[in-house]
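Here's the structure, in structure tokens; my notes come after.
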Amino acid sequence: MECSACSRPAVTHLDYAGRSLCASHFERLIKRRFKSDLRDQLEGVGLEDGGRIGVGVSGGKDSVTLTWLLQDALGEDPRFEIVPISVDEGIPGYRDASLDAARALTEQIGLSLEVVSHAEDHGISTQEVAEMEPDRQPCGACGVFRRSSLNRAARRLGCDVVATGHNLDDQAETTLMNLLRSDLEQVLRTAPHTEAPDGLVPRITPLASSTEQEVALLGVLKDLPFHGAECPHSVDATRRTYRGLILDLLDKEPSVRHRLASLAEELKRRVEPEREGFEGVSSCRTCGEPSSGGLCRACQMSKALRGA
């Protein structure tokens with residue numbers, strides 16, 4: 001199989017585009033997409049002239065590749081500063097290895113890694129949640145705690161925005177899941193953000209135009225250190241059901257992921273002008289994070305789980 005742009009051997013075939021690309025043209029494509037999305041999303045939050053960009057680094061393929069691409073694109077630009085942040089959920093045998101990968105990557109590209117934890121922020125680790133409720137997946141609580149910890153760290157470190165490694169597959173799965181649940185509000189809240197309530201650092205997703213496979217391939221081609229194992233608690237996660245639906249559709253509709261992501265953005269464009277903004281959002285009386293009630297979801301969960 002030859003590259004569609006030259007005569008060199010191809011490393012991948014893009015079904016949705018009907019093209020095969022060699023390593024060089026593939027890297028060029030991903031970088032071009034990334035820089036275009038990054039530029040548009042930074043402009044969306046008013047940071048086109050510079051700012052402090054926090055980046056969530058789990059140590060997995062998406063976040064490691066994202067961090068490398070950010071440093072490659074902005075590392076020499078004095079207007080921007082990249083601040084890598086890792087959240088230790090407290091999952092023995094899994095998070096330790098991924099944190100090692102995150103540290104190896106940030107050391108390799110000359111950045112300093114900030115590590116925060118569920119245990120310190122919320123008084124309970126994901127492993128403890130799993131042991132307390134063995135018949136239930138801890139993914140829901142873990143996601144709430146992780147988002148809270150990442151936002152707390154980004155605020156404390158003075159970040160203007162937080163970049164996350166969500167790829168096109170993630171965006172499509174989230175959109176399908178929320179649509180089938182009739183949860184339009186969650187569709188509208190999905191990153192990338194153009195605004196956020198006081199206390200919530202806006203999120204951007206510069207990898208959202210590239211598939212999970214493409215992001216992983218770039219990481220392999222650049223020999224980036226990442227941890228490839230999945231979380232041991234995610235085997236029965238609800239998201240897997242929606243991922244399976246999309247994979248089934250891909251055989252007949254190679255562009256289904258792009259269409260779902262485009263649908264989410266179109267809904268935002270049509271509905272956002274009519275929304276009332278962030279009325280009713282205040283600060284959690286315990287941690288100070290944004291909340292629509294007296295306690296934010298993370299503190300509610302932590303209190304219930306610890307019996308406080």
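The values are calculated or read from the model by the stated rules, or taken from the named source; none is laboratory data. If you're wondering where the values come from, they're calculated on a predicted model, not measured in any experiment. Heads up, the Cβs are rebuilt from the backbone with ideal geometry, glycines too, and the neighbour counts pull from every protein chain shown.
Numbers for the structure displayed
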read-out	value
First in region 230-255 and without any contact (Cβ under 8 Å) to a residue 24 or more places away in the chain, second anywhere and crowded, with 17+ Cβ neighbours inside 10 Å, Cβ under 6 Å, 6 or more apart	249/256
Neighbours by Cβ (under 9 Å, 6+ apart or cross-chain): first from region 209-222, over 24 Å from residue 260 (Cα atoms); second small (Gly, Ala, Ser) and not in a loop (DSSP other than H, G, I, E, B)	221/23
Single condition residue 49 does not satisfy, out of (1) under 22 Å from the mean Cα position of the chain (by Cα); (2) in contact (Cβ under 8 Å) with a residue 12 or more places away in the chain	(1)
Residue ID - surrounded by the most Cβ atoms within 10 Å (Cβ to Cβ), chosen from residues in region 175-205 that are of a type outside the set (A, V, I, L, M, F, W, C) and free of Cβ contacts under 8 Å to residues at least 40 places away in the same chain	178
Entirely in region 194-308, the helices (runs of 4 or more DSSP H) that have 1 or more residues that are closer than 30 Å to residue 72 by Cβ and within 18 Å of the chain's Cα centre (by Cα)	212-221, 239-250, 256-271
Output for region 215-237, where each listed residue is in contact with a helix residue (DSSP H, G or I) (Cβ under 6 Å, 6 or more places away or on another chain) and more than 30 Å from residue 128 (Cα to Cα)	215, 216, 218, 219, 221, 224
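Residue-wise test of (1) farther than 22 Å from residue 29 by Cβ; (2) at pLDDT 90 or above; (3) of a type outside the set (Asp, Glu).
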{"site": "222", "(1), (2), (3)": "no, yes, yes"}
{"site": "235", "(1), (2), (3)": "yes, no, yes"}
{"site": "242", "(1), (2), (3)": "yes, yes, yes"}
{"site": "247", "(1), (2), (3)": "yes, yes, yes"}
{"site": "252", "(1), (2), (3)": "yes, yes, yes"}
{"site": "256", "(1), (2), (3)": "no, yes, yes"}
{"site": "274", "(1), (2), (3)": "yes, no, no"}
{"site": "277", "(1), (2), (3)": "yes, no, yes"}
{"site": "308", "(1), (2), (3)": "yes, no, yes"}
